[in-house]
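Let me begin by presenting the structure, written as structure tokens, before commenting on it.
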Amino acid sequence: WLKATSVFEGLALHHAATPPLGPARASSAEFLPARRAAMTPSKVAPSSTKMRVGPGKPFPYGCSQAPGGGLNFSLLAPGSEDAALLIEGCQALRLSAPRHRTGVAWHVEVILPFSATGLRYAWLIDGSAAGTEAEKYIVDPCARVLDSRGAEAWNLRTGKKYSPSAVIPDFRSLTAFDWEDVEAPGLELKDLIIYEAHVRGFTRHPDSGVERWDAQAGTFLGFIQKIPHLLRLGVNCVELLPIFEFDETACPRTHPTSGEHLCNYWGYSTVSFYVPMQRFSARLRKNDNQVAQVCAAVVEFKTLVRELHRHGIEVILDVVFNHTGEGAWGESNWHSLSAIADSHYYLMSNGYHTNYTGCGNTVNANNPTCAEWICDCLRYWAVEMRVDGFRFDLAASLCRGSDGKILQEPPLVSRIANDPYMAHCKLISEPWDCSWEDGYLVGKFPAGGEKPRFAEWNGKFRDTVRRFIKGDQGTKGDFATRLCGSADLYEENGRGPCHSVNFITAHDGFTLRDLVSYHKKVNAENAEESGEDNNISWNCGIEGPTKDEEVLDLRARQVRNFMVALFLSAGTPMLLAGDEYGRSQSGNNNTWCQDARNWFSWSDCLAEEEGLFRFCRFLISIRRCHSQLFASEDFKRHIEWTHDSWEDPYNFISFILTVPRPKALSVPSTPAASGSQASREPSEAGTPHRAPITPVARSDAGGSRLSDAGASTIGGRSSRRSSAGTASVSSKPPSLLVAFNAGHEPHPCALPPGREWYRLIDTHLAAPLDICDSDESAQLITGDSYLMTPYSCIVLKSYDDPADAYLYGDIELECSRVQEAEEELRRIALRSVQDELVTRGTDYEYNEVGSEGQCRPLSSSVPWSRAASPQELSDQALGA
């Protein structure tokens with residue numbers, strides 16, 4: 001479009017016919033007549049042939065609406081001497097300083113004699129702008145909307161190369177989205193249960209049952225239709241793999257067997273950082289015009305955020321600022337940061353790009369200009385898109401200075417942590433990059449300030465739990481440390497257990513099913529040598545698929561053992577999508593370039609409805625019902641270790657977690673409000689950390705307390721609440737006993753005397769006996785010990801007061817609510833883009849001052865609080 005002949009031959013735009021917005025100056029923008037652009041979108045013929053040009057403003061970056069009805073364009077381009085702006089259908093504008101230059105930013109305001117919505121635009125810098133070098137048309141790195149030419153469908157290979165262009169947006173998609181008064185859940189970091197998922201993979205499988213599958217499967221709208229699954233599971237936060245625009249065709253390899261083109265499935269090579277992935281949008285929808293289609297991804301992503309928020313689920317984005325997709329695989333058919341200011345945006349060494357990321361072109365994140373661009377991008381997603389947080393991929397690279405060395409206090413990390421517009425955001429680092437050892441910062445990633453902001457993916461939790469559960473001897477002490485929140489990593493720098501994001505599996509590596517089924521990776525289908533060789537996995541006796549019942553039974557136990565360790569540990573748990581039903585990747589531990597291999601199978605999930613899925617949601621419910629045993633901000637815990645010896649290398653460990661009573665004469669039978677705190681007790685030197693804990697409100701629990709009325713039978717005994725609804729201070733507080741036998745021998749677990757213990761979990765037992773859905777129906781365990789089979793774990797509960805008994809899922813009530821949600825969400829997913837935009841021009845309503853519940857007048861003692869009369873205002877002006 002930049003080289004074609006303009007279809008607006010009648011415009012005859014030239015410098016003499018286009019006066020600037022202000023007084024004419026010698027340094028005003030010049031038209032470059034040699035450069036004309038085609039108008040592909042059909043437009044109404046303009047009523048005027050004049051285009052006006054003004055100096056513009058440096059902020060906001062990218063393309064924005066100017067107050068006078070024009071368009072403002074701004075580009076951060078340090079070190080450049082020339083710049084030109086090209087708009088589709090118009091001649092190029094060559095800018096000049098100082099009129100169009102402030103600091104390192106080029107800027108210009110343009111008023112066109114026709115609607116500019118949907119037009120493409122590009123920048124030229126230095127030699128390209130001056131005409132002394134070959135033209136490099138630069139994609140605006142702050143563009144809000146993109147036209148992804150050559151990528152009209154996922155991984156489409158038609159001979160056309162991926163050639164993105166920045167687009168002047170329909171600003172209604174940015175400013176007039178209807179949030180329908182839905183607010184973000186506002187959860188605390190410690191209360192999150194994170195679910196890592198890929199937008200395409202979550203609903204692309206043919207068995208997903210998504211309405212209008214051809215258009216919506218694998219899109220933001222398809223994801224919306226599956227929110228009820230997240231509600232049933234009990235998670236309250238989704239962490240989405242990269243959803244910024246990327247080129248999935250940037251993978252030149254083919255499948256060695258089928259010959260089909262592989263793809264950049266994960267998306268960790270960002271093209272445009274402000275633009276939602278275009279192929280995650282159901283673009284061709286009824287009643288949507290061409291402009292609406294270009295902006296559809298923005299609207300549909302906002303719709304996804306709104307609906308997740310409406311159902312109490314927060315959104316964290318996996319963001320990639322350690323490298324970009326520019327120049328990937330040697331392609332040079334589009335240009336952006338490198339053509340603007342290579343050494344400012346990328347870490348260079350002897351004139352070449354550095355590679356601390358394994359993907360090349362490491363970003364110069366702590367350069368002032370680059371850091372400003374990154375923070376501006378994050379603000380956009382936090383404020384305009386209303387996401388709740390960010391997970392920073394290979395975040396150790398964001399701590400490197402211009403010489404490539406790790407900085408103790410990297411400016412970018414401090415800026416992000418202290419940015420007032422991101423004060424509400426959860427910040428999570430992947431605290432390593434591909435340069436070892438200096439790039440491994442687990443437990444050492446900068447916290448961001450006096451009040452720690454950054455949590456970490458705790459790779460040591462993953463590795464330790466894998467070693468212990470598969471039976472590696474001598475790991476007992478380290479396993480106990482990880483269960484208690486990894487104080488050795490986070491306590492010294494002022495962080496708490498919640499800053500440890502605990503996980504067993506993630507998108508890169510084995511799935512949980514493959515972790516217990518494969519000893520070695522099976523990655524031949526990638527047509528490359530890639531993937532981690534040291535997976536700390538165990539195939540339970542046979543490599544890969546098998547029909548051996550004993551091996552399959554052991555694998556199923558191990559999966560459940562891992563789940564217990566994940567959800568009953570102090571910290572913030574993260575579950576990989578598909579692990580709740582045992583999704584397998586057939587041993588591939590690096591599926592970055594596979595498509596269908598990564599898809600979530602809804603029929604397989606349904607087959608595990610009464611098996612692993614039920615077990616997983618039960619654990620989440622236990623965690624939420626007893627959240628203050630596991631979701632904490634400090635390392636004080638009431639924990640008693642009950643196994644015989646720490647020196648015994650055999651992997652058996654047992655402990656009791658206790659919820660202490662508040663120091664009062666009685667305990668209410670109804671739970672305290674969520675977030676309430678009891679008094680804290682200091683930890684004793686040399687003993688486990690302890691903390692008193694208060695109950696959680698049932699609305700936050702994921703389960704519910706049993707009925708207050710009448711008598712109840714608990715494990716074969718009868719008990720009744722007092723009519724006053726209180727428990728005697730003599731009643732013992734509820735406790736959970738957790739034990740792991742991660743070895744090949746049966747092992748007894750001692751039961752402390754003086755209490756009755758009821759079994760909630762035994763992973764040795766087959767479903768449905770492996771768990772108990774309520775405390776009342778749990779089996780009473782008699783005797784002074786419980787014999788545990790090899791490779792199993794148990795969870796027992798002891799309580800005296802029926803007020804401490806929980807029902808871990810009201811299935812009938814839940815089913816009716818989920819069905820209602822499914823119907824409503826399907827209806828929302830079928831709306832048009834225009835249906836999601838408000839007509840009043842803003843996304844909020846104004847309230848009259850002084851109305852009930854709104855603003856109140858200031859005290860009359862404030863001298864300027866009373867409205868002045870016109871005469872008084874005139875007198876004051878004359879006096880001044």
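Filter region 90-106 for residues that are open to solvent by 20 Å² or more (accessible area, probe 1.4 Å) and not in a loop (DSSP other than H, G, I, E, B); which is modelled with the lowest pLDDT?
Among them, the one singled out is 94.
If you take the residues in region 465-480 that are among the small types (Gly, Ala, Ser) and over 17 Å from residue 746 (Cα atoms), which one is surrounded by the most Cβ atoms within 10 Å (Cβ to Cβ)? Can you show your working first?
So the first thing to find is which residues in region 465-480 are among the small types (Gly, Ala, Ser), and the list is 471, 474, 477, 480.
Imposing the further condition that a residue be over 17 Å from residue 746 (Cα atoms) reduces the set to 474, 477, 480.
Numbers: 474: 13, 477: 11, 480: 18.
This residue is 480.
Tell me the residue from 428, 416 that is touching a Phe, Trp or Tyr at 6+ places or on another chain (Cβ under 9 Å), at pLDDT 95 or above and assigned to a helix (DSSP H, G or I), please. Give the steps one after another, and end with the answer.
Numbers: 428 fails: assigned to a helix (DSSP H, G or I).
One residue alone meets the criteria, 416.
Considering (1) under 28 Å from the mean Cα position of the chain (by Cα); (2) more than 30 Å from residue 450 (Cβ to Cβ); (3) assigned to a loop (DSSP other than H, G, I, E, B), say which one residue 514 fails and leave the rest.
With respect to (1) under 28 Å from the mean Cα position of the chain (by Cα); (2) more than 30 Å from residue 450 (Cβ to Cβ); (3) assigned to a loop (DSSP other than H, G, I, E, B), residue 514 is out only on (3).
Does any residue in region 427-446 that is within 16 Å of residue 409 (Cα to Cα) and charged (D, E, K, R) come within less than 9 Å, Cβ to Cβ, of a residue that is assigned to a loop (DSSP other than H, G, I, E, B) and open to solvent by 30 Å² or more (accessible area, probe 1.4 Å) six or more places away or on a different chain, and which pairs are these?
438/405; 444/493
When residues of region 48-84 are filtered for being within 16 Å of residue 103 (Cβ to Cβ), within 37 Å of the chain's Cα centre (by Cα) and not in a strand (DSSP E or B), how many remain?
Of the residues in region 48-84, 10 are within 16 Å of residue 103 (Cβ to Cβ), within 37 Å of the chain's Cα centre (by Cα) and not in a strand (DSSP E or B).
Answer yes or no as to whether residue 134 is more than 27 Å from the chain's Cα centre (by Cα), under 20 Å from residue 74 (Cβ atoms) and outside any strand (DSSP E or B). Spell out the reasoning first.
Values: more than 27 Å from the chain's Cα centre (by Cα): yes; under 20 Å from residue 74 (Cβ atoms): no; outside any strand (DSSP E or B): yes.
No: the conditions fail for residue 134.
So, of the residues in region 629-643 that are more than 14 Å from residue 569 (Cβ to Cβ) and not in a loop (DSSP other than H, G, I, E, B), which turns out to be most open to solvent (accessible area, probe 1.4 Å)? It would help to see each step written out before you state the result.
As a first pass, look at region 629-643 and keep what is more than 14 Å from residue 569 (Cβ to Cβ): 633-634, 636, 638, 640-643.
Of the ones still in play, those that are also not in a loop (DSSP other than H, G, I, E, B) are 640-641.
On the way: 640: 101, 641: 57 Å².
Residue satisfying both the conditions and the ranking: 640.
From the list 531, 541, which one is more than 25 Å from the chain's Cα centre (by Cα) and outside any helix (DSSP H, G or I)? Working first, answer last.
Values: 531 fails: more than 25 Å from the chain's Cα centre (by Cα).
Every option except 541 fails the conditions.
For residues that are open to solvent by 20 Å² or more (accessible area, probe 1.4 Å), in contact with a Pro (Cβ under 9 Å, 6 or more places away or on another chain) and at pLDDT 85 or above, tally how many sit in region 285-329.
Residues in region 285-329 being open to solvent by 20 Å² or more (accessible area, probe 1.4 Å), in contact with a Pro (Cβ under 9 Å, 6 or more places away or on another chain) and at pLDDT 85 or above: 2 in total.
For region 200-290, list the strands (runs of 3 or more DSSP E) that sit wholly inside it and hold at least 1 residues that are in contact with an Asp or Glu (Cβ under 7 Å, 6 or more places away or on another chain) and not small (Gly, Ala, Ser); which are they? Walk me through how you get there before you give the answer.
On the way: elements: 237-240, 244-246, 270-276.
By residue number, 237-240, 270-276.
Among the residues of region 190-199, write down those that are part of a helix (DSSP H, G or I) and either open to solvent by 30 Å² or more (accessible area, probe 1.4 Å) or of a type outside the set (A, V, I, L, M) (or both).
Going through region 190-199, the residues part of a helix (DSSP H, G or I) turn out to be 190-191, 199.
The answer is 190, 191.
Hey, can you tell me all the residues within region 201-223 that are under 24 Å from residue 607 (Cβ atoms) and among the hydrophobic types (A, V, I, L, M, F, W, C)?
202, 210, 213, 217, 223, listed by residue number.
Take the residues in region 200-220 that are within 22 Å of residue 593 (Cα to Cα) and basic (Lys, Arg); name whichever of them is most open to solvent (accessible area, probe 1.4 Å).
Top of the filtered list is 204.
Kindly evaluate residue 763 against the criterion of being modelled with pLDDT of 95 or more, within 34 Å of the chain's Cα centre (by Cα) and either under 30 Å from residue 554 (Cα atoms) or crowded, with 21+ Cβ neighbours inside 10 Å (or both). Walk me through how you get there before you give the answer.
Details: modelled with pLDDT of 95 or more: yes; within 34 Å of the chain's Cα centre (by Cα): yes; either under 30 Å from residue 554 (Cα atoms) or crowded, with 21+ Cβ neighbours inside 10 Å (or both): yes.
Yes.
How many of the residues making up region 493-506 are farther than 18 Å from residue 631 by Cβ and touching a Gly at 6+ places or on another chain (Cβ under 9 Å)?
Summing the residues that are farther than 18 Å from residue 631 by Cβ and touching a Gly at 6+ places or on another chain (Cβ under 9 Å) in region 493-506 gives 1.
Every residue in region 160-183 that is among the hydrophobic types (A, V, I, L, M, F, W, C), buried (at least 18 other Cβ atoms within 10 Å of the Cβ) and either over 23 Å from residue 295 (Cβ atoms) or at pLDDT below 95 (or both), please.
Hit for region 160-183 is 174, nothing else.
Only residues in region 334-356 that are under 18 Å from residue 84 (Cα atoms) count as the first member; pair them with residues that are part of a helix (DSSP H, G or I), Cβ under 6 angstrom, at least 6 apart or cross-chain, and list the lot.
Note: pairs meeting the criteria are 337/345.
Taking region 571-604, which residues are of a type outside the set (Val, Ile, Thr), in a helix (DSSP H, G or I) and either closer than 19 Å to residue 261 by Cβ or open to solvent by less than 10 Å² (accessible area, probe 1.4 Å) (or both)?
Within region 571-604, 592, 593, 596, 597, 598 qualify.
What number of residues in region 381-403 are in contact (Cβ under 8 Å) with a residue 60 or more places away in the chain, in a helix (DSSP H, G or I), under 15 Å from the mean Cα position of the chain (by Cα) and farther than 19 Å from residue 445 by Cβ?
Residues of region 381-403 that are in contact (Cβ under 8 Å) with a residue 60 or more places away in the chain, as a first pass: 381, 384-395, 397-398.
Filter once more, keeping what is in a helix (DSSP H, G or I): 381, 384, 395, 397-398.
From what is left, the residues that are under 15 Å from the mean Cα position of the chain (by Cα) are 381, 395.
Within this subset, residues satisfying the condition of being farther than 19 Å from residue 445 by Cβ are 381.
Summing the residues that are in contact (Cβ under 8 Å) with a residue 60 or more places away in the chain, in a helix (DSSP H, G or I), under 15 Å from the mean Cα position of the chain (by Cα) and farther than 19 Å from residue 445 by Cβ in region 381-403 gives 1.
Evaluate the following for residue 391: is it modelled with pLDDT of 95 or more and open to solvent by 40 Å² or more (accessible area, probe 1.4 Å)? Outline the logic, then answer.
On the way: modelled with pLDDT of 95 or more: yes; open to solvent by 40 Å² or more (accessible area, probe 1.4 Å): no.
Criteria not met by residue 391.
If only one of 570, 565 is in contact (Cβ under 8 Å) with a residue 60 or more places away in the chain, under 23 Å from residue 763 (Cβ atoms), in contact with a Gly (Cβ under 6 Å, 6 or more places away or on another chain) and not charged (D, E, K, R), which one is it? Don't jump to the end; show me each part of the working.
Working: 565 fails: in contact with a Gly (Cβ under 6 Å, 6 or more places away or on another chain).
It is 570.
Please work out if residue 501 is assigned to a loop (DSSP other than H, G, I, E, B), open to solvent by less than 50 Å² (accessible area, probe 1.4 Å) and under 27 Å from residue 415 (Cα atoms).
Details: assigned to a loop (DSSP other than H, G, I, E, B): no; open to solvent by less than 50 Å² (accessible area, probe 1.4 Å): yes; under 27 Å from residue 415 (Cα atoms): yes.
No; evaluated as a whole, the condition is false for this residue.
Have a look at 122, 143 and point out the one that is under 9 Å from residue 166 (Cα atoms), among the small types (Gly, Ala, Ser) and not in a loop (DSSP other than H, G, I, E, B). Lay out the reasoning, then the answer.
On the way: 143 fails: not in a loop (DSSP other than H, G, I, E, B).
Being under 9 Å from residue 166 (Cα atoms), among the small types (Gly, Ala, Ser) and not in a loop (DSSP other than H, G, I, E, B) holds for just one of 122, 143, which is 122.
The values are calculated or read from the model by the stated rules, or taken from the named source; none is laboratory data. Note that the structure is a prediction, hence the values are computed from the model and not measured. So basically every Cβ, Gly included, is an ideal-geometry build from the backbone, and we count neighbours across all protein chains shown. With ligands, DNA and RNA removed, areas are computed over all heavy atoms of the protein, side chains included. Shrake-Rupley method; radii C 1.70, N 1.55, O 1.52, S 1.80 Å.
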